[in-house]
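First up is the structure itself, then whatever we jot down about it.
Please treat every number below as a calculation from the coordinates, not as lab data. All values reported here derive from a predicted model rather than from experimental measurement. Because the Cβ atoms are built from the backbone with ideal geometry, glycine has one as well, and the counts that use them run over all protein chains shown.
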Amino acid sequence: MRILIVGNGGREHALLWKLMRDAPEASFFVTRPNGGMGEAAPVDLDSADVDALAAWAAANSIDLTIVGPEAPLARGITDALQACGLHVFGPTRAAARIEANKAYAKALMARAGVPTARHLAFASFAAAERHILEVGAPLVVKASGLASGKGSIVCATPQEAVAAARNMLVEGIFGDAGREVVIEEFMTGEELSVLALVDGRTAIPLLPSQDHKRLGEGDAGPNTGGMGAYAPVSIATDALMEEVRRTILEPTLAALADDEAPFRGLLYAGLMITDTGPRVVEFNCRFGDPETQAVLPLLESSLLDPLAAVAAGGSVTGLRLCWRPGSAITTVLASDGYPGSYRSGLPIQIPEELAARDDVLVFHAGTRRADGLVTAGGRVLAVTGLGPTLERAAEASRRGAETIAFEGKVFRRDIGWRELARQNKRRKESVGA
Ligand code: AMP
Ligand code: GLY
């Protein structure tokens, strides 16, 4: 089997790692692989160059393409590959609008009765400003289009919200992605990432996980693409997951199918677990990063089989995924300055004994092989620790993160803190009881 992975970040390295275990005999190809994806053959094409990639895949007899990032999906890579008669795991351009066009996603949720923050969409700054001054803060102002995870601004005051709307609608800081903005109610609660394998109608959730979007410990500082993640999450009880399936996943998939945009691929529901139940913060049309680096190492059953089945037009009904017991925690090592500007080309040392440990996995993101391994991005590496308990997984991840060296290395030592605090509280209650 010949498998092409589109994308070269930490998420795609984790996908490659898992698929190579599922199919050791397969040949793997990756677009511009990072410094850790050396087992795969390189394809020197940009992941967003969808027509060239489709032509390359057809000419090179690729049996299955798996698309990591949202940009090629929003540009129609799935449509382009399918037009060549090829199998691809990832939604069509029409279905990818669930992530690529927030105004569309919000209207779809409203129509389908899916719980989410109340919102209005604006293309005119004057109207947006009037609305903000009328409803007051806190509010969230979001660029409607794709803005590399930087397009959502949580605003504590009306002045901040007006400034955010002005920056997007008047100054055009996100270009076309911010020509329309969604202004929504601020929701409180704990966030949960539910990633589900979807065949058009049916969703099979992977193990729920929790991301850490803020740069700093204690969830302080600016939003990033994600500084760490863990799984499983104890707030994701069977009852909650049943509610998510019934009130969020199924109605959303039915509404997409009604729009003649049936979703086949990985649907990522970013949820806020509020006092009144789970509500959608956002949908993504692809695997999460860094959630994938935490979740896939816990998956014992094949990932390749369901991905290939969905790509071939098959069903996931009745699919049972098998998870290993225990927990995983992923700590992201970032470049100093991220999510703003940062230096690249700095040498990285990864101690050899890390590779020998079976409780630590090092996934590469922004790395490159020059003379040796060097940094080449904002998020550089993702270190996943595995353990029978979350505490042990956290220790393994943190120790791995500490032993890797590069100039300006930034990471959080508190990934999983909410769950660890919950466990401590439970322990104290049971001792006190
Ligand atoms: P997004 O780009 O939509 O994923 O938003 C990035 C982050 O901003 C989310 O993970 C939340 O932490 C926060 N956020 C976005 N929308 C809301 C909302 N309506 N209420 C509270 N927090 C939000
Ligand atoms: N971890 C957030 C995302 O993948 O969008």
Original post:
With a sphere of radius 10 Å drawn around the Cβ of Leu319, what net charge do the other residues whose Cβ falls strictly inside it have (Lys, Arg +1; Asp, Glu -1)?
Top reply: -1
**OP:** Name the residue farthest towards the positive end of the dipole of the chain from the options Gly189, Ala117, Ile66, assuming +1 on Cβ of Lys and Arg, -1 on Cβ of Asp and Glu, about the Cα centre.
**Re:** Gly189
**OP:** Give me the number: length gained by fully extending Gln159 to Thr276, i.e. 0.36 nm times residue separation minus the C-alpha to C-alpha distance, one decimal in nm.
**Re:** 39.2 nm
**OP:** Any chance you could check the Cα centroid distance between the stretch 321-390 and the stretch 176-225 for me, in angstrom?
**Re:** 21
Original post:
Tell me, what is the percent relative contact order of the chain, built from C-alpha pairs under 8 Å that lie six or more residues apart?
Top reply: 16
Original post:
Hey, fewest Cβ within 10 Å first, where do His212, His87, His364, His131 land in order?
Top reply: His131, His87, His212, His364
**OP:** Measure off 7 Å from each Cα along the Cα-to-Cβ vector at Ala405 and Arg130, then give the distance between these two points in nanometres to one decimal.
**Re:** 6.2
Original post:
For the stretch 14-70, which GluC sites (Glu not before Pro) are both in a DSSP coil and crowded by at most 13 other Cβ atoms within 10 Å?
Top reply: Glu25, Glu39
Original post:
What is the spread of the Cα atoms of the stretch 2-92 along each of their three principal axes, largest first, in whole Å?
Top reply: 29, 23, 22
Subject >> Gained length - Ala52 relative to Ser234, 0.36 nm times residue gap less alpha-carbon distance >> reply: 61.1 nm
Original post:
Taking the Cα centre of the chain as origin and charging only Cβ (+1 Lys, Arg; -1 Asp, Glu), how large is the dipole, in debye to the nearest 20?
Top reply: 500
Original post:
Based on the Cβ-Cβ distance of Ala41 and Ala312, what FRET efficiency does E = 1/(1 + (r/R0)^6) give at R0 = 30 Å, to the nearest 0.05?
Top reply: 0.85
Original post:
About the Cα centre of the stretch 2-92, what is the dipole size in debye to 20, counting +1 per Lys and Arg Cβ and -1 per Asp and Glu Cβ, all else neutral?
Top reply: 180
Subject >> Potential lengthening between Arg413 and Ser148 on full extension [0.36 nm per residue; Cα-Cα distance subtracted] >> reply: 92.9 nm
Original post:
Label points 7 Å out from Cα along the Cβ direction at Glu217 and Met1: separation in nm?
Top reply: 4.3
Original post:
How large is the charge dipole for the stretch 1-54, taken about the Cα centre, if only the Cβ atoms of Lys, Arg (+1) and Asp, Glu (-1) carry charge, to the nearest 20 debye?
Top reply: 220
Original post:
How big, on average over all directions, is the shadow cast by the Cα convex hull of the chain, in nm²?
Top reply: 21.1
**OP:** Run the numbers on the stretch 118-185 and let me know its relative contact order in percent, using alpha-carbon pairs under 8 Å that are six or more apart.
**Re:** 46
**OP:** Work through the residues other than Ala94 whose Cβ is under 10 Å from its Cβ and net out their charges, Lys, Arg +1 and Asp, Glu -1.
**Re:** -1
Original post:
In nm, to one decimal, how far is the Ser61 label point from the Glu300 one, both placed 7 Å along Cα→Cβ?
Top reply: 3.7
